[in-house]
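Here the structure comes first, spelled out in structure tokens, and everything after it is commentary.
The values are calculated or read from the model by the stated rules, or taken from the named source; none is laboratory data. In this text the structure is predicted, and so the values were computed from the model without any measurement. Here the Cβ positions follow ideal geometry from the backbone for every residue, glycine too, while neighbour counts run over all protein chains shown.
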Amino acid sequence: MPIARTAAPVTLDGFELRVLHIPLVSPFTTSFGTESVREVIVVRALADGGEGWGEIVTQEAPLYSSEYTRGAWDVATRWLIPALLERATVTPEEVADVLEPFVGHRMAKAGLELAVLDAALRAEVRPLGEYLGAVHDRVPSGVSVGIQRDPAGLVETVRGYLDEGYVRIKIKIKPGRDIEDTAAVRDAFGAIPLQVDANSAYTLADADTLAELDRFDLLLIEQPLQEDDIVDHATLARRLKTPVCLDESIVSAKAAADALALGSASVINIKAGRVGGYLEAVRVHDLCRQASVPVWCGGMLETGIGRAANAALAALPGFTLPGDVSASSRFYLRDIVTEPAVLEQGHVRVPTAPGIGVDIDPVALDEVTVEKVVLRR
Ligand code: OSB
Ligand code: MG
């Protein structure tokens, strides 16, 4: 039976936006660069029935996708928030419709939608997991491991995460740091659940190298080619034994349907920010489930806000592979919520309190805030 995802309308008095700079416990390196400080935007919806929190998961530079923090800040303050305040009273399900005329900027839209959704659900005393259709009270936790100094360093880093109890390892790869790194982890730890993420670093000309990964029995290879290489991914997928999973390319439920129709992927990474919100993320989930295509929940180094919401999303029935839903401590010494996600027997708990189910630590939040603005109706 389809789940009726409807929440009561909220009347919006305004929004507070903050740019945060949160130090990472260790630098995070991917094929597109190294990050030592997480720059992210936190959204507070000021509604008549109470507040709601969301997170815009952009990074400082437009390297993972075309969105970036200062661009999101500009579009949110100049266009998206005014459109929502003009409307004044909205249901969470209507937020995407109000923002639909503005092309793109999905991460910005997703953060605003989550803040409205959180405000609405807190007012109704209803947890996000229940609203989205969660069927588990905890989710298996995978960890995304950045490119290290060398393969030996990678093995030591992975060992630390396995000791902590993470149930699946994902390593970042790029040309020149692929076969040897993957071989080192396989040799050191045997048949652990292992996958790789290229973050768009290859072209079809690299197909022979990528086919060498077939011998490692990986769960999947994530986003080997560019965001818009939807046909090339289908060509590559026919060449590889390793299942191809798409991340960057899946910007909407329509993009997911197209990718599946073309054979560009046999697994899909779902990130609410990338597809424009948790409601669109559920639509991607629903269509993949219908097509018996496994999905898993990706991450964007979320703060406790997005991390709690991701745990709720990852508890839907179609999320049959462990997600990048790690403990807060994998990235942060101090989170901005009072009960950061922790690892318990390789799992993260789905919050059961109303809304996103976590409370903001105002002192911690202020400490990492570098800019703040309040827009009122
Ligand atoms: O490609 O999945 C990715 C982080 C930032 C941008 C893109 C990606 C990632 C990760 C980290 O892999 C996932 C996480 O939050 O744990
Ligand atoms: Mg990825």
Of the conditions (1) within 15 Å of ligand 2 (Cβ to nearest atom); (2) touching a residue at least 40 places away in the same chain (Cβ under 8 Å), Gly33 satisfies every one except a single condition; which number is it? (2)
Can Ser326 be described as under 12 Å from the mean Cα position of the chain (by Cα), surrounded by 23 or more Cβ atoms within 10 Å (Cβ to Cβ) and within 27 Å of Gln223 (Cα to Cα)? yes
Could you list, in sequence order, all residues of region 149-199 that are in a strand (DSSP E or B) and of a type outside the set (Val, Ile, Thr)? Arg168, Lys170, Lys172, Lys174, Arg177, Leu194, Gln195, Asp197
Would you confirm whether or not region 180-196 contains a residue that is closer than 24 Å to Ser328 by Cβ, away from ligand 2 (no atom under 16 Å from the Cβ), free of Cβ contacts under 8 Å to residues at least 12 places away in the same chain and not hydrophobic (A, V, I, L, M, F, W, C)? no
Can you find a residue that is within 29 Å of Glu100 (Cα to Cα), within 14 Å of ligand 2 (Cβ to nearest atom) and not assigned by TED's automatic domain parsing to the domain that holds Ile56 anywhere in region 325-337? yes
Just checking: which of the helices (runs of 4 or more DSSP H) contained wholly in region 28-127 hold 2 or more residues that are over 21 Å from the mean Cα position of the chain (by Cα)? 81-87, 92-99, 106-124
Could you please give the count of residues in region 286-312 that are in contact with a strand residue (DSSP E or B) (Cβ under 6 Å, 6 or more places away or on another chain), farther than 17 Å from Val43 by Cβ and surrounded by 24 or more Cβ atoms within 10 Å (Cβ to Cβ)? 6
If you go through region 315-323 one residue at a time, do you hit one that is under 22 Å from Gly14 (Cα atoms) and either at pLDDT 95 or above or surrounded by fewer than 22 Cβ atoms within 10 Å (Cβ to Cβ) (or both)? no
May I ask you to list the residues in region 59-86 that are more than 17 Å from Val374 (Cα to Cα) and either exposed (fewer than 15 other Cβ atoms within 10 Å of the Cβ) or at pLDDT below 95 (or both)? Ala61, Pro62, Ser66
